[in-house]
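No value in this document is a laboratory result; all are computed from the given coordinates. Just so we're clear, the structure is a prediction, and the values are computed from it rather than from any experiment. Glycine also receives a Cβ, built like all others from the backbone with ideal geometry; neighbour counts cover every protein chain displayed.
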Amino acid sequence: MPTDTFLKLPEEKKEKILLAAKHEFSRVPFERTSIKNIVEEAEIARGSFYQYFESKEDLLNYILYLHIGGMDQKLEKQLQKDNYDIFELFLFIYDYITKECMDKNNIPFFKKIFENIKTSEDTIFFKKIREIRTKNINQYFEKIDKTKLRIQDQEDFEIILKILYAVTGKAIVNHFRYNSKESARKIFEKELEFLKYGILKKESEEKTC
């Protein structure tokens, strides 16, 4: 996260640095991005950069936080709205992130990040989502409607969360790779349905076939 020195800069200068960073992060895969290009476009000294951020990873973390940091604040309200249905919660996370990413000013930035994602587990983007996903997992464990879930304790709940985050992360990546965003969302909804209702047919269904 940025230092106090960066946060105390005039808004215009902060915006110039962040815009330069987004341009660079949109240009090439992250591992090939250059702090040199960022500081030149932002018209700051390289030494000044390190007064503001520890590294380019730190800067990217901050940009991602600015875009998706507000999600955590809205999760609680969404849980209440959906009667604490965990599957609806993850559909909300998908919609929130893809909507934020599809802002016309952000498309090149997020597209470059997603184009180079190999898995949802080893990328800075999804690490950041996991960092800000909840204020307290225990609070969610107590509030989520578990009456229809096959879980016995918090350990089971954390396993379910891990599965749902993996599926949701992959779906968000696919959102950028599908030509039809509607099709991408429908596929994600179907994946959630399989998780929610299971893959194996019930005995009653087998008898009717």
Spin-label model distance (nm) - Gln80 vs Asn105, 7 Å beyond Cα toward Cβ: 3.0
Projected label distance in nm at Ala45 and Ile63, using a 7 Å step from Cα toward the beta-carbon: 2.5
Above-threshold pairs, the threshold being 26 Å between Cα atoms, out of Lys36/Lys99; Lys13/Lys170; Lys74/Lys170: Lys36/Lys99; Lys13/Lys170
Sequence-separation-based contact order of the stretch 1-117, relative, with Cα cut under 8 Å and 6+ spacing, percent: 34
Cα gyration tensor shape of the stretch 146-207, rounded if a/c is under 1.5, else prolate or oblate by comparing a/b with b/c: oblate
Evaluated at q = 0.10, 0.14 Å⁻¹: base-10 log I(q)/I(0), Debye formula over Cα of the stretch 1-103: -0.37, -0.64
R0 of 22 Å, Cβ-Cβ distance Lys8-Glu31: FRET efficiency to nearest 0.05: 0.10
Of the GluC sites (Glu not before Pro) in the stretch 20-83, those whose Cβ has at most 11 other Cβ within 10 Å and which sit in DSSP loop: Glu43
